[in-house]
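Below is one structure, written out as structure tokens, with a few remarks after it.
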Amino acid sequence: MDDIKLIDELYRRFHSVAEEMFSDRIAHLRIDDLPFRDQNGTPFGNVRHLVRGDDKSGAAFDIFRLGWFGGRVWELVIIDGAYLPHAHQKINSEFFIFAGRGFLSRDTEWSAYRDRSRVSVGMAVAHGFITDPEFGPTVFLSIQSAAIRKITIDPKTQSEKVEDDFVYVDDAFPLPPDLLNARNQKLTALKRI
């Protein structure tokens, strides 16, 4: 199976699962028959939820690891809100939008995305999201040259140690006021309905 066939299969499976909540849909996504492996080459088996949180602006996110394939890490990410621009110093990424609409930045350039959009984000390139509330949260497949969140087990304590390649750069690349205003107007209009 090549990358394109695997992306298409994941997209099909994501859209065929009955759960309405995206996090439930991803958690129940069947991947045990797909060619995902762990770092040691063992079949990955099931989707693993890595982190749920909010960025410092309040945008919500969830990250789910699918496994390694083709020498890269594959993850599904849910974002809801205006997610601040950030950068990864050691990682190249490619995003494939599974659901949602909005705007995605690459340094100072903001461009619209929609279902099935594909975007490459280079190493140390600032990227952020402004999701369109009319279409709900955005779900995208992130295919990365390395794991953003590395989890290792301390051999002495057997506790997990987490190392992230992540830094906010919103001071240098702020969210554009016109796109934020448009999002806020849509949120207000949706609350009236």
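The values are calculated or read from the model by the stated rules, or taken from the named source; none is laboratory data. Only a predicted model underlies this, so the values are computations on that prediction, with no experimental measurement involved. Don't worry about glycine lacking a Cβ; one is built from the backbone with ideal geometry, like all the others, and counts go over all protein chains shown. Please note that ligands, DNA and RNA were not included when accessible areas were found on the heavy atoms of the full protein model with its side chains. Shrake-Rupley method; radii C 1.70, N 1.55, O 1.52, S 1.80 Å.
A few notes on this one:
- One residue from I7, I26, I31 being surrounded by 12 or more Cβ atoms within 10 Å (Cβ to Cβ), at pLDDT 90 or above and assigned to a loop (DSSP other than H, G, I, E, B): I31
- Qualifying positions in the stretch 162-181 - over 13 Å from S105 (Cβ atoms) and open to solvent by less than 50 Å² (accessible area, probe 1.4 Å): D165
- Wholly within the stretch 52-161, strands (runs of 3 or more DSSP E) carrying at least 1 residues that are open to solvent by 20 Å² or more (accessible area, probe 1.4 Å) and free of Cβ contacts under 8 Å to residues at least 60 places away in the same chain: 60-69, 72-80, 93-99, 102-106, 109-113, 118-121, 149-153
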